[in-house]
Amino acid sequence: NLQGDYQNGLASAQYLTTTAIDCSELTGTRLRFYRWLGVERSQYDKASIQVSRDGVTWTTVWSHTDPGSIEDSEWAYQTFNISDLADGQPSVFIRWGMGPTDSTTSYPGWNIDDVQIWGLAPFDDCNRNGLPDGNDLQTGRSKDCNGNDLPDECDIEGGGSGDCNQDGIPDECD
C-alpha cells in the first residue's frame, strides 16, 4: 500500500520475515528485490534488513543510517551480498524491519516486490578444466563413448574404466 504509513510510536521493530530458504547448493548468494521505501531520518525512525540461519540469531545486512529521510518516488532495485551468511546453508531467513519509531511523523515504510535469491550452483568438473562436464560433452571438447554423461578422461582417471592402450578412450569403447 503506497498510500499507507507505518505506525508512530513503535517501541520495537516490526518484521516481515520469509520462510526458510534452502541455499545449501549456492555460492555467491545475493538477495535481490525492488523497494519503494519511505522512512523518516534515522535519528527518529529505523528500517533494516536482517538475515538468519536459524530464525533466532539475526545479522543486519542493511540499516537506515543516513542523516536524511529516505523518500523513494519509484521502485528501486536493491541487491545485497549475503554470501557470508547464506552460502551452503540449508535454512536461511530474511526479514525487513520497521522501527522503533518516534511519535511525531510517519512515512510509508517498506514496500517490496520481486524478492529473489541468486547464487551460483556448483557444477561437476571432473577434468578440472574450469568448465561443467556437460559443457565439455555438448561442445565436443570431451567424448562420452559409453553414454554415462561423464567425459571419457574422467572415466579413465576415476578408475571407472581402464585404458590399456593409453589412447584416451575407455577400454569398453575400443
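Remark: region 148-163, residue by residue, has Karplus-estimated 3J(HN,Hα) of 9, 6, 10, x, 4, 4, 6, 4, 6, 5, x, x, x, 9, x, 8 Hz, where x stands for each Gly or Pro and the curve is 6.51 cos²θ - 1.76 cosθ + 1.60 at θ = phi - 60°.
Rolling a 1.4 Å probe over the protein chains gives GLU74 an accessible area of about 120 Å².
Dividing the mean sequence gap of close Cα pairs (under 8 Å, 6+ apart) by how many residues the chain holds gives a relative contact order of 29 percent. Computed about its Cα centre, the charge dipole of the chain is approximately 1420 debye, with only Lys, Arg, Asp and Glu carrying charge at their Cβ.
The residues of region 70-161 have, on average, 57 Å² of accessible surface per residue, using a 1.4 Å probe with all protein chains present. Labels on offer are [x] 1.06; [y] 0.97; [z] 1.28, and the one holding Rg/Rh (Cα atoms, Kirkwood Rh) computed from this structure is [z].
Database note for the chain: Cys without another Cys beta carbon under 4.7 angstrom, CYS23, CYS164. Charging the Cβ of each Asp and Glu at -1 and of each Lys and Arg at +1, and nothing else, the dipole of region 99-174 about its Cα centre rounds to 520 debye. For the pair region 65-90 and region 119-155, the centres of their Cα atoms are 37 angstrom apart. For the chain, with all protein chains in place and a probe radius of 1.4 Å, 47% of the accessible heavy-atom surface sits on carbon or sulfur.
Using +1 at the Cβ of each Lys and Arg and -1 at the Cβ of each Asp and Glu in the chain, identify which of TRP36, SER161, THR105 lies farthest towards the dipole's positive end. Among TRP36, SER161, THR105, the one farthest towards the positive end of the dipole of the chain is THR105.
The values are calculated or read from the model by the stated rules, or taken from the named source; none is laboratory data. Computed from a predicted structure; not experimentally measured. No Cβ is skipped: glycine too gets one built from the backbone with ideal geometry, and neighbour counts run over all protein chains shown. Heads up: the accessible areas ignore ligands, DNA and RNA and are worked out on the full protein's heavy atoms, side chains in. Shrake-Rupley method; radii C 1.70, N 1.55, O 1.52, S 1.80 Å.
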